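The values are calculated or read from the model by the stated rules, or taken from the named source; none is laboratory data. Since we're looking at a predicted model, the values are computed, not measured. In this analysis, Cβ positions are derived from the backbone assuming ideal geometry, glycine residues included, and neighbour counts consider all displayed protein chains. Heavy atoms of the whole protein, side chains included, go into the accessibility calculation; ligands, DNA and RNA do not. Shrake-Rupley method; radii C 1.70, N 1.55, O 1.52, S 1.80 Å.
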Amino acid sequence: MMKNEKGSLLALLPLIIFVSLFIGTGIISKDFSNMPLNVAVIIASTIALMMNRKETLLDKVEIFTKGGGHPNIILMAIIFILAGAFSEVAKGMGAVESTVNLGMSFIPENLLMVGLFVIGCFISISMGTSTGTVVALAPIGIGIAGQTDISLALSMATVVGGAMFGDNLSMISDTTIAAVRTQNTKMLDKFKVNFFIVLPGAILTAVILGIITMDNQSNVVGEYPFDLVKVIPYIAVLIAALAGAHVLIVLLGGTILAGIIGIIDGSYSFTGFLQTASEGIMGMQNLAIIAIMIGGMVEIIKHNGGIDYLLNFVTKRIKTKKGAEVGIASLVSVTDIATSNNTISIIITGPLAKNIADEYDIDPRKSASILDIFASCFQGVIPYGGQLLAASGLAAISPVSIIPYSFYPVLLGICGLVAIAIGYPKFRQVKGATTASKSS
């Protein structure tokens, strides 16, 4: 396979095949579960390993394993399995049911999704991780859907939307840190610009959720009994998130706490707690394997020039300042679609985006915001991204079924495009440079 400084279109073949197998089979059969993600990614990965005959199979396997073993990928896999343990243990001791009933006792039925979205925004901006937010809130969303006529897909999309809000804005989010560092700006400066760009999208999402669920009917009549003690694991997770605890500590601590409460109230014996945690881990291990396989496949695509091709395809079409901003948005978007990881996509495109921003006099706060906004936008809608995989895995539904209800990720992208189109925000110039151009 020919590879040059402009990259290789052919290198993208594994990704094209992967998406075509998964989505194409679902469209043809009208059932997206007919092509399991793990089978699709294995087929695509096999094709990736067969490409580039100039290198030996051992060399390509080494590249594959390097990509699959990327720290971000392994962290995601660990989050998945700990999330499974936390979800299953909390569910088994009654935390989900009590939490849902508590919410239904105080929140009007037609505002349950609005409340879930707002809580998701709050947790994600505190935790700085969308995946961690999804796995913490998904069980609650599943419980709400089970006791109302709200669809599981809508509930999971609401959880993912709230998760992407914080992933895009949180000062401890990997994506925010990567965007700020690559654009040489300050964290708080980027937050201020980014927040006012996306705020209309969040408000509109809440309005849409309120309108489409205003006629919601509960399947359970009468009172909603709850035990506040059983809600403690979720409260503890929220407090730990607000305190800035690492997502692994949050999930592991939540699992142990839920287990202790379950043992005390008789929901579990000690061995029963361990078995339930094991069941939760096994239920999510498939997603962990898929994440690792996708990471390996993407690394081969990158090595063969696929990512370089995407970058060059976009940059050669830039002519004006607004075109440059659209170019930065396009760069990070196509890279996120190719890598299914918004942090990695920002790290890959960030240096090139900085060069474009400098050449076309784009404020670094704006370029950092664009990188983060569009990476989060597409990460929230691609069916093979970690967030939709986690939500669909916990809810046992197809990730594709979530996409039609992904209001916030779509509005996030629209807000970003509007900001580019109208030149928002306007920056005050100081001695020939923007006020945010000074490094932190």
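What the table below lists for this structure:
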read-out	value
Links that overshoot a 18 Å alpha carbon limit, given the list Lys190/Lys426; Lys316/Lys426; Lys6/Lys60; Lys316/Lys366	Lys316/Lys426; Lys6/Lys60; Lys316/Lys366
Peptides 58-69, 131-142, 358-369 ordered by average Cβ neighbours within 10 Å, highest first	131-142, 358-369, 58-69
Kirkwood Rh in Å, taken over region 151-303 so that all alpha-carbon pairs contribute	19.7
Protection proxy ranking, peptides 277-289, 391-403, 308-320, 153-165, average beta carbon neighbours within 10 Å, highest first	153-165, 391-403, 277-289, 308-320
Electrostatic dipole magnitude of region 282-385 [Cβ: Lys, Arg +1; Asp, Glu -1; Cα centre; debye, to 20]	240
Gained length - Met50 relative to Ile27, 0.36 nm times residue gap less alpha-carbon distance	5.5 nm
Span-rule helices in the chain, defined as complete DSSP H runs reaching 30 Å or more along the axis (Cα) with Kyte mean at least -0.5	71-92, 187-212, 270-303
Segment Leu417-Ile256, extension gain: residue separation times 0.36 nm, minus the distance between their alpha carbons	53.6 nm
Positive minus negative residues near Leu112 (Lys, Arg vs Asp, Glu; Cβ under 14 Å)	-3
Dipole magnitude (debye, nearest 20) for the chain, charges at Cβ of Lys, Arg, Asp, Glu	1780
Difference of contour (0.36 nm per residue) and Cα-Cα distance, Lys426 to Asp361	22.1 nm
Where region 130-211 is the region considered: accessible area per residue in Å², 1.4 Å probe	28
Radius 12 Å from Cβ of Phe191, net charge of other residues (Lys, Arg +1; Asp, Glu -1)	+2
Protection-proxy order for peptides 85-94, 199-208, each taking the mean of Cβ atoms within 10 Å per residue, highest first	85-94, 199-208
Accessible-area composition of region 171-306, carbon plus sulfur, in percent [1.4 Å probe]	70
Calculated FRET value between Asp265 and Asn286, using beta carbons and R₀ = 25 Å, to 0.05	0.20
4 °C / 1.567 mPa s Stokes-Einstein diffusion coefficient of the chain, Kirkwood radius on C-alpha pairs, µm²/s	58
Calculated FRET efficiency for the pair Phe313/Ala245, C-beta based, R₀ 51 Å, to 0.05	0.80
Simple Cβ-charge dipole of region 83-189, Lys/Arg +1 and Asp/Glu -1, about Cα centre, in debye nearest 20	240
Inter-probe distance in nm under a simple model that places probes 7 Å from Cα toward Cβ, at Val207 and Glu62	5.7
